[in-house]
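Report on the structure given below.
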Amino acid sequence: MVRDLVVRGGTVVDATGTRRADVLVRAGHIVAVADDIDPPARAEVLDASGCTVAPGLVDLHAHLRQPGREEAETVDTGARAAALGGYTAVVAMPNTDPAIDCAAVVREVLDLGSTAACDVHVAGAITVGRAGQRLAPLAEMAALGVRLFTDDGAGVQDSRLMRRALEYASALDITLAQHCEDAALASGGHMHEGEWSSHLGIPGVPAEAEELMVLRDIALARLTGTRMHFLHLSVAAALDAVRAAKGAGLPVTAEAAPHHFTLDDSVVASYDPVFKVNPPLRPTADVEAVRVALGDGTLDAIATDHAPHTQEDKEAPFDEAPPGMLGLETALALALTELSLPLERVLALLSWQPARIAGLEAEHGGPVAEGRPAHLCVIDPATVWVVEPEKLASRSRNTPYGGRKLTGRVRHTVLGGEAVVIDGQAQR
Amino acid sequence: MTGKHLLSIADLGLDEIDEILRLTDSFVEVSERAIPKVPTLRGRTVVSLFFEESTRTRLSFETAAKRLSADTMNFSVSTSSVKKGESLRDTVETIEAMGIDAVVVRHASAGVPWQIARWVDAPVINAGDGWHEHPTQALLDCYTIRQSRGSLAGLRIAIVGDVKHSRVARSNVLAFTGLGAEVTLVAPPTLLPPNLTGWPVAVSHDLDGVLPKADVVYLLRMQKERQIESLLPSLREYTARYGLTRERARLLSDDALVMHPGPMNRGVEIAADVADLPRSMITRQVANGVAVRMAVLFLMLGSTGVGRGA
């Protein structure tokens, strides 16, 4: 039996507002939220003085690499990185080997996640093997609790197949999520196409490759009346399209990754593949557009696109290296440091809004209130720290933020009533 | 030279380019001797690390090193462990462990010389990285133009052809404009870089209009793959609009120079007999290439005292 736990001295922030309160947790649930709680005998006390106590963060977009690329990350190491970043739930992307495209692989990943430091959910593939040819067994996976489906890493290119997927999905209470990239237009590109790619001699991907698929999918969402989620949007024109679609009442949601509001394409001039990512880093005008869209509600979530790669893979020539960056341990601090948004808004983007998109709102991201599951994170908003790649819990080291000074850090994380991170140290 | 490596023309100040070109004069003289060899780099080892085949550039660097009495090692991909799956970094560190004083790198991917420069202590010379740069080619081209015209200042230079995929064009735009020339890029829009912001050049799609005013017409190699990628309908159509045919060559002023980095596709970007006209600098470029590379190796290894293990 897990001991009682008291989070003491903090300020609670959730979707209902902000107030000074202690939180008493028993048997996995919140049993009291009050101004001054006397810890019961033998209770574990987590000091939260000067800190924010919030619902645990929810990541819609993590590549945990298992099965298939265990040398880069495992469910266990990725979940530990997530817990240290304040996450109590992550959605594992299906571009594993084999892909998460059937019940057997779903079960394997859920099983691997059952003892991890955060709740591990999976996104299923839309098409068999993520090959974009025929529908994966969506209902079979949905029956195991899968709520989000995507071929992430690639978009579903065939418009007719995407239409069928949306129609089929409408009966299953699931959400289809798209990696928005017109493959033919993007073909051969390794960074954003523009001034820097021309100068550096690296083949580029035009912004329009993202915009085109967002426009197509908005049209398909209208045609089918089915909800859609857009992954890692990075260009102003795509954000404008989503803004207009929401204005027209279409059921679309969208996320952006921290690197798309903190880094621009000029950093590629080092030719260091740590800065290679897909979608690629964009010019400052797009970076600014992502920041604006996070503030005005066009974007519903910040999602990490945590994409671990081994040192060997990231030391290849730029055009041969795989795209992707770590994100789980730095996302919250980057948002707090770089976005001039109120704390409540940052937490909405990182916790309760993504929880709803992932269909996890019954468990995660809910108000810090009596009777709710005790998934919490305690954030010290004033801590200044420097990102040290070698100290990250991820199995890989490919963060583009090594040496960067950030403000705000997760102090404790509580998963199902158990402290899985205490004073910045993982307990699992 | 101030920098330890020669990666980009942008790394060189005008005074450094001038120093290299002046020194090249004395190495041209050495190359014309009965025994074209000086003992300057005796005991030094220069390795050619060619991940992409380029016999001409490799031989030019090796000849330059040998005329300076350096030892040369040659690592090329067709005989290497890269095909057995060895990583770039492991390959480079293995070569360095053998004891080397300079690395000459050619790679099909842009930026590889920058990556290698982060991993090794020895100076790195970029002998061509993807579409990006080929600084010694630009230096030998500047030298060749200066030989004929005295200076690049105020000259009008047309660079014609596949600029988008050309490391030669990128380095030459920096070098030619840096030395005061006016550069016009002449190409179909599909063979220009998609964004020319910050490039100090004019652009034209009308070769006939550009040729009468040009002091130098610099032709780039056209590769056959460009048709497959739908960048061109056909080589025939390219030649009709952008090839330096015999008829077009008549539009040139009397003292205008014709240049090409080689290897040429005679009959595509340049007509066979135009390549052999007296105004054609093409073989002189090759000869000057050895002398320019001698000057670069001398400045990087000879005068600074940088040696093995330093």
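Taken over the stretch A:255-273, residues that are part of a helix (DSSP H, G or I) and over 19 Å from the mean Cα position of the chain (by Cα) amount to 7.
Each residue in the stretch B:157-172 was checked for being more than 13 Å from chain A (Cβ to nearest Cβ) and among the aliphatic types (A, V, I, L, M), and 4 of them qualify.
To keep it simple, each residue is scored yes or no on (1) buried (at least 22 other Cβ atoms within 10 Å of the Cβ); (2) of a type outside the set (D, E); (3) modelled with pLDDT of 95 or more.
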| residue | (1), (2), (3) |
| --- | --- |
| B:V47 | yes, yes, yes |
| B:E52 | no, no, no |
| B:S80 | no, yes, no |
| B:T94 | no, yes, no |
| B:H107 | yes, yes, yes |
| B:P113 | yes, yes, yes |
| B:P123 | yes, yes, yes |
| B:T144 | yes, yes, yes |
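Being farther than 30 Å from B:P193 by Cα, over 15 Å from the mean Cα position of the chain (by Cα), assigned to a strand (DSSP E or B) and more than 14 Å from every other protein chain (Cβ to nearest Cβ) is a description that applies to B:T72.
With respect to A:G155, determine if the residue is within 14 Å of chain B (Cβ to nearest Cβ), touching an Asp or Glu at 6+ places or on another chain (Cβ under 9 Å) and outside any helix (DSSP H, G or I). Full working, then the answer.
On the way: within 14 Å of chain B (Cβ to nearest Cβ): no; touching an Asp or Glu at 6+ places or on another chain (Cβ under 9 Å): yes; outside any helix (DSSP H, G or I): yes.
When the stated conditions are applied, A:G155 does not pass them.
Answer yes or no as to whether B:L219 is more than 14 Å from every other protein chain (Cβ to nearest Cβ), within 25 Å of B:M281 (Cα to Cα) and touching an Asp or Glu at 6+ places or on another chain (Cβ under 8 Å).
Numbers: more than 14 Å from every other protein chain (Cβ to nearest Cβ): yes; within 25 Å of B:M281 (Cα to Cα): yes; touching an Asp or Glu at 6+ places or on another chain (Cβ under 8 Å): yes.
Criteria met by B:L219.
Among residues of the stretch A:65-78 being out of contact with any His (no Cβ under 8 Å at 6 or more places or on another chain), of a type outside the set (D, E, K, R) and in contact (Cβ under 8 Å) with a residue 60 or more places away in the chain, the one that is nearest to A:A348 (Cα to Cα) is A:T77.
Out of all the residues in the stretch B:173-183, is one or more within 14 Å of chain A (Cβ to nearest Cβ) and touching a residue at least 60 places away in the same chain (Cβ under 8 Å)? Yes, the stretch B:173-183 contains at least one residue that is within 14 Å of chain A (Cβ to nearest Cβ) and touching a residue at least 60 places away in the same chain (Cβ under 8 Å). If only residues of the stretch A:276-323 that are closer than 22 Å to A:A393 by Cβ and assigned to a helix (DSSP H, G or I) are counted, the one that is nearest to the other protein chains (Cβ to nearest Cβ) is A:E312.
Looking across the stretch A:323-346, the residues that are touching a helix residue (DSSP H, G or I) at 6+ places or on another chain (Cβ under 9 Å) and of a type in the set (A, V, I, L, M, F, W, C) come down to A:M325, A:L326, A:L328, A:A331, A:L332, A:L334, A:A335, A:L336, A:L339, A:L341, A:L343, A:V346. Could you check, for the stretch A:208-229, whether at least one of its residues is at pLDDT 95 or above, within 14 Å of chain B (Cβ to nearest Cβ) and either surrounded by fewer than 22 Cβ atoms within 10 Å (Cβ to Cβ) or touching a strand residue (DSSP E or B) at 6+ places or on another chain (Cβ under 9 Å) (or both)? So far as the stretch A:208-229 goes, yes, one or more of its residues are at pLDDT 95 or above, within 14 Å of chain B (Cβ to nearest Cβ) and either surrounded by fewer than 22 Cβ atoms within 10 Å (Cβ to Cβ) or touching a strand residue (DSSP E or B) at 6+ places or on another chain (Cβ under 9 Å) (or both).
Can you name the residue in the stretch A:162-197 that is closer than 16 Å to A:K276 by Cα and small (G, A, S) and, of all such residues, is farthest from the other protein chains (Cβ to nearest Cβ)? The extreme case among them is A:A186. Residue count for the stretch B:12-48, restricted to those that are touching a Ser or Thr at 6+ places or on another chain (Cβ under 8 Å), under 19 Å from B:W114 (Cβ atoms) and touching a residue at least 60 places away in the same chain (Cβ under 8 Å): 1.
Of the residues B:W131, B:W114, only one is farther than 29 Å from B:V30 by Cα and either acidic (D, E) or not in a helix (DSSP H, G or I) (or both); which?
Numbers: B:W114 fails: either acidic (D, E) or not in a helix (DSSP H, G or I) (or both).
Just a single option satisfies the conditions, and that option is B:W131.
The values are calculated or read from the model by the stated rules, or taken from the named source; none is laboratory data. This structure is a prediction, so every number in the text was calculated from the model and none was measured. Cβ coordinates were reconstructed from backbone atoms using ideal geometry, including for glycine residues, and neighbour counts include every protein chain displayed.
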